[in-house]
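Working notes, beginning with the structure itself.
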Amino acid sequence: MDKTQRWLRDWYAPSSYIPLVVRLAKWSLLLNQFPFTIHDQSRYPSNPPAPTWKFVLMYYCITVYASLVIFIITCSVRKEETVLLLNSAVQVEQNFISKDIIQMIYVLIIAISMMSLFLMPIACFAIALIRPCMPLGLSSVVHLECKSWDNDADIGIILRTVSAILFYYLACSAVYSGVFALIVALTYPTIVKLILLESMKRDLITGSQSNFKTCLKKYRTLQLLSDMHNSVFRNPAMAATVGCVTIGESFALYPLIASASVVPLPLLVLFANVSLDFFIAIVGLFKIMSFPFTKSVDLLNSLQRINIKPANWVNRYLRSCSPSKLTLGDVVSELCGDWIR
């Protein structure tokens with residue numbers, strides 16, 4: 001519409017000869033008979049580009065919600081496998097848990113997750129209430145007077161409240177789904193596998209043949225639990241989880257590092273909270289998920305060094321035992337740092 005009005009004004013009521021001459025020159029050079037062309041874009045003012053942190057916010061939201069949609073669809077399709085995995089993990093913990101095997105770091109992670117269940121939606125509610133023109137809020141879409149993200153646009157308290165409530169529900173669905181995916185479905189079976197490995201290690205310390213056979217049976221249970229874990233988080237679930245955490249951490253760190261002076265304070269608080277949660281997921285949860293592999297390798301090496309008769313049967317059994325490994329969890333922290341540079 002603006003281009004049409006400008007074209008009509010330049011043609012019928014020109015304030016200068018330049019538009020007419022430029023248009024005539026363009027038409028006369030349509031055959032490209034001369035080694036030059038006419039560019040007149042510099043005559044028209046262009047809108048300044050949007051700040052980078054705004055694109056970062058939009059891409060962050062798209063990444064998080066796309067990953068959550070993939071995980072929710074995956075869990076719905078693999079409902080029976082997910083339920084079987086969690087029930088099996090609970091049953092194994094009930095059979096082999098002891099008080100001195102409790103992992104306090106997992107207790108701390110659960111406490112932080114419970115805090116995030118309350119703080120993150122409340123922060124989103126406050127942002128939608130204070131900054132009604134900021135994207136993802138309903139008022140930023142339906143109110144035509146929003147000219148910038150920092151503008152209040154004289155939006156009434158009713159529209160602000162309705163938009164904040166909807167944004168609160170949207171944040172709840174994202175945070176609750178993410179906590180279930182990372183803390184419950186992904187990390188809890190890993191903690192149970194560590195409990196099982198610690199129980200097998202204690203059986204080997206006693207040195208009796210009966211405990212050695214019990215250890216072999218427990219390792220088969222560990223393999224079954226690992227296979228169920230990998231089955232639930234096979235592609236695209238694990239790839240979406242790792243990708244969401246990696247990209248989300250990179251996007252959350254960018255405004256804090258590169259644009260802290262121009263980003264509104266409510267968004268800085270939100271990004272700081274998100275960055276802390278994803279940082280804990282990378283240096284805490286992903287590291288915990290690597291422990292069953294290293295501990296199972298050490299345990300298999302210890303089992304192979306023990307001389308138990310009949311040796312042929314034991315050796316064949318141990319060759320069928322593979323380390324407990326959850327794939328797609330390597331070098332995530334380094335990758336986040338490389339993307340920011």
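Worth a mention:
- Taking the conditions (1) modelled with pLDDT of 70 or more; (2) touching a helix residue (DSSP H, G or I) at 6+ places or on another chain (Cβ under 9 Å); (3) of a type in the set (A, V, I, L, M) in turn, residue 38 satisfies each one other than (1).
- Matching option when the condition is in contact with a Phe, Trp or Tyr (Cβ under 7 Å, 6 or more places away or on another chain) and among the small types (Gly, Ala, Ser), among 163, 199, 173: 199
- Among the residues here, residue 220 qualifies as loosely packed, with under 15 Cβ neighbours inside 10 Å, of a type outside the set (Gly, Ala, Ser) and at negative phi.
- Of everything in the stretch 125-175 that is among the basic types (Lys, Arg) and over 21 Å from residue 64 (Cβ atoms), the residue that is modelled with the highest pLDDT is 160.
- Residue within the stretch 176-189 that is of a type outside the set (A, V, I, L, M), in a helix (DSSP H, G or I) and free of Cβ contacts under 8 Å to residues at least 60 places away in the same chain present: yes
- Put simply, of 92, 83, 69 the only residue that is buried (at least 18 other Cβ atoms within 10 Å of the Cβ), assigned to a helix (DSSP H, G or I), in the same structural domain as residue 240 (by TED's automatic domain parsing) and modelled with pLDDT of 75 or more is 92.
- Under the condition of being out of contact with any Cys (no Cβ under 8 Å at 6 or more places or on another chain) and either of a type in the set (Val, Ile, Thr) or without any contact (Cβ under 8 Å) to a residue 12 or more places away in the chain (or both), the residues counted in the stretch 246-293 number 14.
- Hits in the stretch 174-198 (condition: of a type in the set (Ser, Thr, Tyr) and either in contact with a Gly (Cβ under 8 Å, 6 or more places away or on another chain) or crowded, with 20+ Cβ neighbours inside 10 Å (or both)): 187, 190
The values are calculated or read from the model by the stated rules, or taken from the named source; none is laboratory data. Keep in mind it's a predicted model, so treat the numbers as computed, not measured. Backbone-built Cβ (ideal geometry, glycine too); neighbour counts: all protein chains shown.
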